[in-house]
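All remarks here apply to the structure that follows.
A short reminder: the numbers here are calculations on the coordinates, not readings from a lab. Not measured: the values here are computed from a predicted model. Counting neighbours? That spans all protein chains shown, and the Cβs are built from the backbone with ideal geometry, glycine included.
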Amino acid sequence: MVSYLLNRILQAGLVMLVMSAIVFLGVFAIGNPVDILISPQATALQREEAIRALGLDLPVWHQYLNFLSNLLHGDLGRSFVFNVPALQLILERMPATLELAIAATLLALVAGIPLGLYAGLAPKSPVSSSIMAGSILGFSLPSFWVGIVLIMLFSVHLGWLPSSGRGDTAVWLGVRWSFLTVDGLAHMAMPVLNLALFQISMVIRLTRAGVREVILSDYVKFARAKGLRESRIIFVHILKNILIPVITVVGLNLGTVIAFAVVTETIFSWPGMGKLIIDSINILDRPVIVAYLMLMVLMFVIINLLVDLIYSVLDPRVRLGAR
Amino acid sequence: MKIASLLVAVGLLTGVTSAQSQELVVGSQGDPSLDPHYMYIGTNVAFWRHIYGSLTMHDDKGSPVPDLAESYRLVDDHTWEFKLRPDVKLEDGSMLSADDVVYSLDRAKSIPGNPSPYTVRLESITDVKAVDPTTVRITTDKANPYLPGNLVDIAILPRKATEGKATGDFTSQAGIGEYGRYRVSSFAPGDRVVLDRNEDYWGEKPYWKRVTFRVMPNDASRVAALLAGDVDLVDFVPPTDVKKLRENPNVAVHDGPSTRMMVLLLNYRDGQIAGLTDAGGKPLDKNPLKDVRVRKALSKAMDRQALVDRIMDGTADVATQIAMPGMEGYDPDLKIDNADPQGAKALLAEAGYPNGFGINIACSNNRYPNDARICQAVGQMLARGGFQPKVETLPMSVLMTSLVGSAPDKRDFAIGMLGLGAQGTHPIALPTMVHSVDKASGRGAYNFGGYSNPELDGVIDKAVGTLDSTARNDLMRTAVDRATEEVVVLPLLFQRVLTASKSDLTYTTDPTEETLTWRAKPKAQ
């Protein structure tokens with residue numbers, strides 16, 4: 001077990017190193033941030049000075065080595081735009097994104113499972129057909145378009161919900177959260193729905209497929225033959241068994257939702273990490289881009305590791321490291 | 001439905017009370033830096049003008065007028081003297097003094113890790129001295145008529161409150177030592193800044209007791225927030241939305257001229273350039289852009305009015321020259337070529353290219369309003385004028401890389417489009433795009449094509465060092481006329497500043513594109 005863990009951590013370290021090189025080279029290739037940021041009235045000399053002050057005049061390998069050595073000291077660089085440590089900037093924005101991602105995932109489960117269950121149990125009913133048709137829409141409509149339509153409908157035409165931003169926040173555990181205030185919840189409604197739409201569709205499809213499969217299995221038939229109540233069959237025999245794959249996929253997807261809430265955050269001006277990364281890419285705020293991507297790699301590595309560990313606990317047939 | 005109507009009622013109520021309670025919510029494109037000496041970009045300057053001040057301020061036309069300085073004058077050719085107002089009260093109750101000015105002009109230069117320093121506005125300053133508590137003398141290494149105009153963009157900070165504070169401290173403490181029209185009440189980075197009126201402000205107090213800037217970089221979201229009534233005013237309205245907004249009775253669109261000029265840069269480099277090819281796609285041996293007839297053909301091929309009417313939906317002005325009306329050097333007699341594709345073809349034939357040649361146009365697609373669409377239209381116009389254009393629209397960062405290149409002799413663009421905003425009263429294109437590249441004087445920083453004309457250089461150098469405004473204006477006009485005649489660059493259009501608000505507000509835009517909330521007032525009914 002210990003050797004397995006060590007092995008995995010080493011692997012993770014290697015992945016991070018390779019990723020840092022790819023990210024660094026990629027960002028380097030996009031262009032020079034000073035060209036974009038500096039005033040048009042700057043003289044050539046002032047431009048050179050600014051470039052030198054940021055260490056951008058060095059050859060790329062030199063910049064990369066500097067970056068690595070700073071990284072070993074826990075320093076991911078300072079944002080060019082905000083002049084504060086990039087890591088701090090990202091961590092400050094993280095709660096807003098987490099709040100959105102977790103709410104969206106919960107919504108996906110709460111809405112998706114009952115709908116999927118119904119569609120699976122009564123596949124021929126017209127309601128089921130429309131649920132399934134709706135889920136195809138949820139899959140295929142681009143989320144930026146849905147976001148704009150939501151704003152146009154609920155904010156501009158109906159005036160029910162605020163169009164963007166976080167609204168009032170309350171402090172809990174030293175961090176500002178929107179879900180603790182009524183105004184904040186109103187602000188969360190549309191971005192959460194927007195972010196959850198794809199997830200809901202996925203959960204519906206997974207649940208339905210699971211129900212269709214399990215309903216034909218021997219133990220369900222046996223339960224029926226035994227004369228159990230229908231509700232007990234559905235909620236104990238069927239639901240419990242189909243939940244495992246659903247939870248696995250949704251859990252794994254949580255990472256994706258956190259890392260790529262970009263579109264939703266941009267449209268709803270939600271001040272989370274996704275909006276930060278898009279703004280940073282537009283103005284080539286290199287340290288923030290690199291730090292963000294490194295952080296995301298770390299997050300995926302950790303999630304995958306946890307999933308592997310949990311599997312081995314849940315399913316004794318999976319042995320870690322054993323050949 | 002009950003809840004819905006209730007919510008609507010609440011919405012209407014707050015709509016009414018927001019004007020009465022003198023609170024203004026602005027949907028703002030920029031995410032402001034609270035340190036006024038960090039990151040010189042227009043949205044930051046507009047923000048710190050709310051909480052600090054500067055020695056001079058620009059008027060509606062862009063000319064400098066006294067602000068914290070009650071008056072200023074030239075002592076000799078190299079020395080300016082600024083007399084401070086005696087009544088500028090700081091947060092701690094003391095008065096702003098000459099020492100604060102000395103401190104601020106130094107601090108603005110020395111912020112570490114600043115990719116866009118304010119230094120550009122402090123060039124030629126060699127010494128800043130406090131003569132007495134209300135008098136500052138600034139010495140320059142050469143005669144600099146633009147000093148008062150340059151100081152418009154340098155924030156004056158109180159030394160006592162801010163000395164030793166880093167940029168991060170301004171953020172974490174939500175503003176330090178504000179003494180301007182407003183003080184920062186709360187700051188959530190990337191989300192909002194709330195300002196409360198400073199009742200001790202020395203000048204005319206603004207109407208709004210509380211101003212909230214909501215950070216909304218996405219154009220569509222900003223406009224939607226205004227339509228939904230979440231914000232009272234939005235800046236940088238996309239030109240494509242203007243028509244729709246004008247038709248909406250609940251919204252008022254305020255527009256005014258902007259100093260930002262969309263301009264085409266040409267590559268003057270010798271030797272083969274990848275962006276200039278023959279019919280077979282091979283680079284030409286000789287650079288045709290060095291022939292003024294070819295450049296004139298380019299200009300004749302442009303239908304600038306169509307760009308303004310069709311692409312910009314009327315939210316721009318045709319640029320007849322690199323100066324805009326009201327600027328130094330503007331020549332009202334100068335006419336730009338009307339669109340004349342036949343004339344362009346004739347000129348091309350005369351220059352030895354009867355079948356035209358392949359020419360690349362590189363533009364940004366994420367920086368200026370409608371930049372990619374302007375570029376595509378320019379491509380079509382060139383095709384009609386007998387060229388074989390190839391349009392490339394790129395993210396700004398990539399465009400800059402291709403314009404700057406790895407070295408001046410490796411630049412492979414043929415035509416590049418940039419938007420150049422002038423912060424001041426003279427056509428900034430003259431010293432930055434028309435003047436030859438000269439590291440010593442710092443001129444020609446945007447002359448990526450390497451144009452060089454010693455005669456024009458001489459006129460520009462003389463103009464920017466002439467203290468007498470009439471003589472300077474004449475020299476500038478000579479330079480503008482020569483640059484137009486030579487078609488050094490191709491000015492296309494001047495953008496307009498587009499701001500929109502609820503219909504019960506009035507607002508006056510500023511040519512610098514700064515959003516200054518004290519210019520927004522409720523309509524008198």
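Rounded to the nearest 0.05, what FRET efficiency do B:Ala471 and B:Arg73 give with R0 = 30 Å and r taken as the Cβ-Cβ distance? Could you check? Once rounded, the FRET efficiency stands at 0.95. Comparing Cα centroids, region B:29-99 and region B:116-177 end up 8 angstrom apart. Its Cα centre serving as origin, chain A has a Cβ charge dipole (Lys and Arg +1, Asp and Glu -1) of approximately 1560 debye. Under the shape rule built on the C-alpha gyration tensor, where the axes satisfy a ≥ b ≥ c, region A:159-233 is prolate, since a/c reaches at least 1.5 and a/b is greater than b/c. Placing a label point 7 Å from the Cα of B:Asp87 along the Cα-to-Cβ direction, the residues of region B:194-217 with a backbone N closer than 13 Å are B:200-205.
Using Cβ point charges alone (K and R +1, D and E -1), the dipole size of region B:33-180 about the Cα centre works out to roughly 120 debye. Can you classify the protein assembly as shown as rounded, prolate or oblate using the Cα gyration tensor, where a ≥ b ≥ c are the square roots of its eigenvalues, rounded means a/c under 1.5, and otherwise it's prolate if a/b beats b/c and oblate if not? Since a/c reaches 1.5 and a/b is larger than b/c, the shape of the protein assembly as shown is classed as prolate.
Distance cut-off 29 Å, Cα to Cα: go down the list B:Lys109/B:Lys160; B:Lys345/B:Lys462; B:Lys205/B:Lys502; B:Lys89/B:Lys142 and report the pairs above it. The answer is B:Lys345/B:Lys462; B:Lys89/B:Lys142. Between A:Asp168 and A:Ile303, the modelled label-to-label distance comes to 3.3 nm, taking each label 7 Å out from Cα in the direction of the beta carbon.
Would you mind counting up the charge near B:Val136? Only other residues with Cβ under 11 Å from its Cβ, with Lys and Arg at +1 and Asp and Glu at -1.
Working: positive: B:Lys83, B:Lys129, B:Arg137; negative: B:Glu81, B:Asp99, B:Asp100, B:Asp127, B:Asp132.
It works out to a net charge of -2.
The ranking of B:Met39, A:Met94, B:Met381 from fewest to most other beta carbons within 10 Å of each one's beta carbon is A:Met94, B:Met381, B:Met39.
Selection among B:Met261, B:Ala377, B:Ile428 by position relative to the dipole of region B:257-496 gives B:Ala377 as farthest towards the positive end (Cβ unit charges, Cα centre). Compute the signed sum of charges (Lys and Arg +1, Asp and Glu -1) over the other residues within less than 12 Å, Cβ to Cβ, of B:Arg477. Residues close to B:Arg477 contribute a combined charge of -3.
Return the tail of the calculated pair distribution for chain B, meaning the percent of Cα-Cα pairs more than 30 Å apart.
53 percent
Remark: B:Thr134, A:Thr256, B:Thr499 ranked as A:Thr256, B:Thr134, B:Thr499, counting other beta-carbon atoms within 10 Å and listing the fewest first. When chain B is described by a simple charge dipole with +1 on each Lys and Arg Cβ and -1 on each Asp and Glu Cβ, the residue from B:Gln495, B:Gln272, B:Pro341 located farthest towards its positive end is B:Pro341. For the residues of B:35-45, the average number of beta carbons from a partner chain within 10 Å of their own beta carbon is 2. Full extension of the segment from B:Asp127 to B:Ala279, taken as 0.36 nm per residue of separation minus the current Cα-Cα distance, would add 48.9 nm. Over region A:20-144, what portion of Cα pair distances is larger than 23 Å, expressed as a whole percent? The answer is 59 percent, as a whole percent.
From least to most packed, judged by other beta carbons within 10 angstrom and beginning with the fewest, A:Lys124, B:Lys296 follow the order A:Lys124, B:Lys296.
The mean number of partner chain beta-carbon atoms within 10 angstrom of a residue's beta-carbon across peptide B:213-224 is 6. Model label points for A:Tyr311 and A:Ser231, set 7 angstrom from Cα along the Cα-to-Cβ axis, are 3.7 nm apart. For the listed peptides B:419-430, A:221-232, B:196-207, A:23-34, a ranking on the average number of other beta carbons within 10 Å per residue, highest first, reads B:419-430, A:23-34, B:196-207, A:221-232.
Please give the contour-minus-distance gain from A:Thr248 to A:Ile9: 0.36 nm per residue of separation, less the Cα-Cα distance, rounded to one decimal in nm.
Details: separation 239, 0.36 × 239 = 86.04 nm, distance 2.22 nm.
Extending this stretch completely gives an extra 83.8 nm.
Local charge sum around A:Ile233 (other residues, Cβ-Cβ under 14 Å, Lys/Arg +1, Asp/Glu -1)? In short, +4. Note on B:462-473: average number of Cβ atoms from other chains within 10 Å of each residue's Cβ is 0.
Does region B:323-377 come out rounded, prolate or oblate, given a ≥ b ≥ c as the square roots of the eigenvalues of its C-alpha gyration tensor, rounded meaning a/c under 1.5 and, failing that, prolate meaning a/b above b/c?
Since a/c reaches 1.5 but b/c is at least a/b, the shape of region B:323-377 is classed as oblate.
Let me spell out the model: positive unit charges on the Cβ of Lys and Arg, negative unit charges on the Cβ of Asp and Glu, origin at the Cα centre of region B:257-496. What dipole size does that give, in debye rounded to 20?
540 debye
Calculated mean residue ellipticity, 222 nm, chain B: -8000 deg cm²/dmol, from DSSP H runs (n ≥ 4) at -39500 (n - 2.57) each, averaged per residue and rounded to 500. The lysines whose alpha-carbon is closer than 18 Å to the alpha-carbon of A:Lys221, local same-chain residues fewer than 8 away aside, are A:Lys240. Ratio of Rg to Rh for region B:257-496: 0.94 [Cα atoms; Kirkwood radius as inverse mean 1/r over pairs].
Within region B:447-476, whose backbone N sits under 16 Å from a point 7 Å along Cα→Cβ of B:Lys61? Inside the label zone: B:469-474.
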